[in-house]
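*Asks:* Dumping the structure here so I can ask a few things about it.
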Amino acid sequence: MPKIQEDPVLISARREALVVFACWAIAMTWSVSYCYLNGYITDPSLISNKQKVEVRQPAQPGGIPELWVDHGKGSQRVEFVLGFPSWIFWGVALPWWICTAFSLFFGAFIVRDEDLGLDPEAAAALEAAHV
Amino acid sequence: MSSLLFAAAAAGAVTSKPHGGIGTLVALAVFILASGWIGILANRAMSHGSFMKGFFLGNRGLGAWALALTATVQSGGTFMGFPSLVYTHGWIVALWIGSYMVVPITGFGILGKRLAQLSRRLGAITIPDFFRERFGSPALGLLASICILFYMSIMMVAQFKAGAIVMKLSWPGTESLAMSEEFSNFVLPGKQIERFRQKGFDPKTIDKLETLKDQKFQDVAEFETKLGEVLSIDELKAHKSEIVTAATPIDILYFVGLGIFTLTVVGYTMAGGFLAAVWTDLFQSIMMFFGVILLLVLALWRVGGLELASVTAVQQTGPGFIYGPGYDPSGVGRQFLPLSLAISFFVLWVYSGLSSPAGMVRIMACDSTQTIRRSIYLLSIYNCFIYIPLIVICVCGRTLFPNLGAHSDEIIPRMALVTTEGLPLSSFWAGLILAAPFGAIMATVSSYLVVISSGLVRDIYQRFLDPNASEARLKFLSHTGMIVVGLVAVAANIQPVKYLQALVVFSSTGTACTFLIPALMAAYWRRASVAGVLAAMFLGACTALTLYSIGIFNLADRLRLPEQLPIGQDTSLRPYYLFGYDPIIWGLSISLVAGVVVSLVTPPPDPKLISKLFDAQPAKV
């Protein structure tokens with residue numbers, strides 16, 4: 001009796017699903033932990049406290065004013081990268097662009113093209129056409 | 001201090017009321033006509049083959065563009081609810097929505113290929129069809145139908161309000177927004193007080209109400225506050241609801257918008273069914289892309305750059321606008337996105353997109369695996385240009401409209417109207433941008449109309465009531481079903497639904513808890529049994545509904561559960577966050593455990609059926 005083989009679409013779909021699942025897990029671990037460690041106020045009473053915000057003159061004339069915020073660790077300057085708060089840039093924006101690049105790679109090199117087959121109605125129509 | 005002034009001046013907060021011009025309405029009218037025309041084209045295209053497969057599945061002919069830009073993407077929430085959250089809570093919402101970075105590969109890469117293959121082998125046209133045939137169980141198909149009808153109906157009703165608001169805001173003339181705001185003032189007129197007198201209200205209460213006669217209040221909160229100052233607690237308990245209803249304004253433009261929106265979307269979906277929903281969705285997705293990019297450029301130009309916009313927004317609010325867990329406008333220390341919810345939402349958006357019935361049915365309709373692969377490319381790039389730009393636009397919006405308060409879900413339409421001021425053909429450009437949210441909403445509603453209608457006609461009527469129904473009968477019922485669903489949604493929106501984004505989150509959570517684990521079991525696990533999948537579906541749904549019920553009806557104390565933390569969105573339609581986590585975490589966990597355990601303790605499925613679905617099939621000669 002010949003050995004029954006698994007459906008090739010099932011094999012490739014399962015492999016691809018595992019890769020995707022790993023990608024999601026890595027993205028979540030990086031984004032959530034980076035943002036939590038670098039962009040969270042630990043004392044909830046400071047969240048809406050305007051007194052903790054200070055805007056200072058820019059270092060260079062005509063520049064953008066500096067934003068200083070006390071979020072529980074003393075007044076610190078808020079850093080920006082490309083206009084994003086730096087923790088958003090490193091924790092969300094950059095990973096987003098990396099995930100986009102990975103998605104393109106995944107589609108191009110990891111996903112395998114397969115024959116999905118025909119549904120019963122289409123198969124019957126095809127058979128009738130042959131007859 | 002001078003810097004403060006500099007920042008505020010540079011950002012140029014808008015104090016006047018923005019309004020649409022005739023061009024805005026013309027642009028939307030063109031958009032509506034184009035959608036109708038696409039519906040007619042779809043009607044012609046689906047005419048070959050059987051009505052059911054053509055009307056509800058587009059003859060399995062979806063290409064990459066149609067699949068990518070329609071299966072997992074935007075709804076009214078994207079352009080109304082989500083921007084409102086960014087406006088209200090600040091940059092933390094980028095993390096809240098951050099999981100969309102992997103949605104293109106999770107949406108197509110985890111289930112796509114197997115779902116498309118199995119639905120063909122099983123001849124399934126709808127999601128309940130798929131479960132019923134995969135496990136040979138009508139009960140499973142019926143449970144899936146009921147759950148889909150429930151969640152999709154809630155999600156769809158919420159979208160109608162968003163559509164009506166966009167139409168309302170684009171009305172031409174200087175009175176437009178003035179109408180929407182001033183006509184929506186809360187006023188207690190003398191004739192209503194007289195009515196209360198005739199109904200036998202206490203004369204002392206009447207005297208107190210006379211002090212409020214003909215005064216204008218901006219919103220219900222302001223009116224209720226004043227009412228609380230004037231009336232005693234007992235009087236409030238007895239009459240508050242009736243008095244507030246009497247003072248609630250009739251917003252004529254809202255109803256006009258609701259009518260036009262409903263006629264348009266029900267009309268073109270009836271004409272072309274699934275293909276009309278998909279093609280118009282594609283057209284609208286492309287419009288959204290250009291609308292968002294145009295608005296991004298205009299918004300950044302208007303406020304003088306993103307960093308300056310952030311600085312100004314933080315000045316107006318507080319540290320929470322630029323740091324987690326997010327700004328709390330109420331000032332009571334509510335945490336919008338604590339760590340537990342950040343984890344929850346990274347699960348929620350990914351797995352709710354993956355298991356949405358409207359999305360899954362489109363994957364079933366795709367024509368090949370090449371289409372799935374190309375869809376991943378397209379959607380990855382598309383999402384990159386939608387979500388991060390929307391966050392940027394709304395941060396800019398906070399500086400232009402510092403005090404939207406209860407109207408924060410109008411931020412995108414208002415930005416469209418204000419940022420185009422001064423441009424040549426400004427109102428037309430505003431209309432093109434407004435077409436983006438309008439398109440997103442129409443697209444969502446049309447796809448849900450198809451799913452709900454197919455649930456009623458295919459999964460309930462044809463399966464259980466009249467299996468031999470003629471094609472003409474099914475066609476008539478499908479069209480009638482869409483009209484009835486549209487009318488129900490209009491009726492539900494006569495008193496506009498609140499909490500658009502909260503409803504979107506609720507429906508997304510519910511569908512994920514109900515369908516994700518069963519779909520994974522159906523696709524990848526040979527040993528999955530009917531009882532196991534029924535248990536996974538039923539207990540997943542029950543878990544989500546139970547936690548939402550506990551939250552909505554404040555039952556935590558009575559059930560002696562740990563105290564509810566002040567976290568998440570500030571809305572009364574919110575769940576009980578058990579140990580701080582969203583119901584999706586508990587729903588998926590219970591669904592998984594139930595599915596696996598019950599499958600293992602019940603008899604295995606029919607080996608012949610399993611072999612047909614999991615083993616390589618001999619090639620037909």
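The values are calculated or read from the model by the stated rules, or taken from the named source; none is laboratory data. None of the values given here were measured: they were computed from a predicted structure. All Cβ positions, even for glycine, are placed from backbone atoms using ideal geometry, and neighbour counts span all protein chains on display.
A quick yes/no check of all residues on (1) touching a Gly at 6+ places or on another chain (Cβ under 6 Å); (2) of a type in the set (S, T, Y); (3) more than 7 Å from chain B (Cβ to nearest Cβ):
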residue	(1), (2), (3)
A:I4	no, no, no
A:L10	no, no, no
A:E16	yes, no, no
A:C23	no, no, no
A:W30	no, no, yes
A:G39	yes, no, no
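*Asks:* Do you know which of the residues in segment A:41-59 that are without any contact (Cβ under 8 Å) to a residue 24 or more places away in the chain and more than 7 Å from every other protein chain (Cβ to nearest Cβ) is farthest from B:A522 (Cα to Cα)?
*Replies:* If we take residues in segment A:41-59 being without any contact (Cβ under 8 Å) to a residue 24 or more places away in the chain and more than 7 Å from every other protein chain (Cβ to nearest Cβ), then A:A59 is farthest from B:A522 (Cα to Cα).
*Asks:* Out of segment B:253-282, which residues are surrounded by fewer than 24 Cβ atoms within 10 Å (Cβ to Cβ), within 19 Å of the chain's Cα centre (by Cα) and among the hydrophobic types (A, V, I, L, M, F, W, C)?
*Replies:* Of everything in segment B:253-282, those that are surrounded by fewer than 24 Cβ atoms within 10 Å (Cβ to Cβ), within 19 Å of the chain's Cα centre (by Cα) and among the hydrophobic types (A, V, I, L, M, F, W, C) turn out to be B:L258, B:V266, B:L282.
*Asks:* In addition: Residues that are surrounded by fewer than 17 Cβ atoms within 10 Å (Cβ to Cβ), touching a residue at least 40 places away in the same chain (Cβ under 8 Å) and within 30 Å of A:A13 (Cβ to Cβ): does segment B:513-524 have at least one?
*Replies:* Looking through segment B:513-524, at least one residue is surrounded by fewer than 17 Cβ atoms within 10 Å (Cβ to Cβ), touching a residue at least 40 places away in the same chain (Cβ under 8 Å) and within 30 Å of A:A13 (Cβ to Cβ).
*Asks:* Restricting to segment B:584-608, and then to whatever is buried (at least 19 other Cβ atoms within 10 Å of the Cβ) and of a type in the set (G, A, S), can you tell me which residue is nearest to B:T543 (Cα to Cα)?
*Replies:* B:G587
*Asks:* Quick check on segment B:100-141: of everything there that is polar (S, T, N, Q) and under 25 Å from the mean Cα position of the chain (by Cα), which residue is modelled with the lowest pLDDT?
*Replies:* Applying the filter and picking the extreme gives B:T126.
*Asks:* Kindly indicate the residue of segment A:99-114 that is under 20 Å from B:Q370 (Cα atoms) and touching a residue at least 40 places away in the same chain (Cβ under 8 Å) and also surrounded by the fewest Cβ atoms within 10 Å (Cβ to Cβ) among those meeting that condition.
*Replies:* Filtering first and then ranking leaves A:R112.
*Asks:* At least 2 residues that are touching a Lys or Arg at 6+ places or on another chain (Cβ under 9 Å) in each: list the strands (runs of 3 or more DSSP E) lying fully within segment A:38-80 that qualify.
*Replies:* Answer list for segment A:38-80: A:66-70, A:75-77.
*Asks:* Same structure, new question: Which residues, taken from segment B:553-569, are closer than 25 Å to B:V350 by Cβ and within 24 Å of the chain's Cα centre (by Cα)?
*Replies:* Of everything in segment B:553-569, those that are closer than 25 Å to B:V350 by Cβ and within 24 Å of the chain's Cα centre (by Cα) turn out to be B:I567, B:G568, B:Q569.
*Asks:* Follow-up question, since we're still on this one. Does B:V350 satisfy being more than 10 Å from chain A (Cβ to nearest Cβ), among the β-branched types (V, I, T) and crowded, with 21+ Cβ neighbours inside 10 Å?
*Replies:* Taking the combined requirement at face value, the residue does not satisfy it.
*Asks:* Is it the case, given these coordinates, that A:F84 is more than 8 Å from chain B (Cβ to nearest Cβ), farther than 16 Å from B:I381 by Cβ and either surrounded by 12 or more Cβ atoms within 10 Å (Cβ to Cβ) or modelled with pLDDT of 95 or more (or both)?
*Replies:* Answer is no for this residue.
*Asks:* Is there a residue being closer than 21 Å to B:W349 by Cβ and within 14 Å of chain A (Cβ to nearest Cβ) anywhere in segment B:598-614?
*Replies:* No: segment B:598-614 contains no residue that is closer than 21 Å to B:W349 by Cβ and within 14 Å of chain A (Cβ to nearest Cβ).
*Asks:* Among the residues of segment B:398-434, write down those that are at positive phi and more than 22 Å from the chain's Cα centre (by Cα).
*Replies:* B:G422, B:L425
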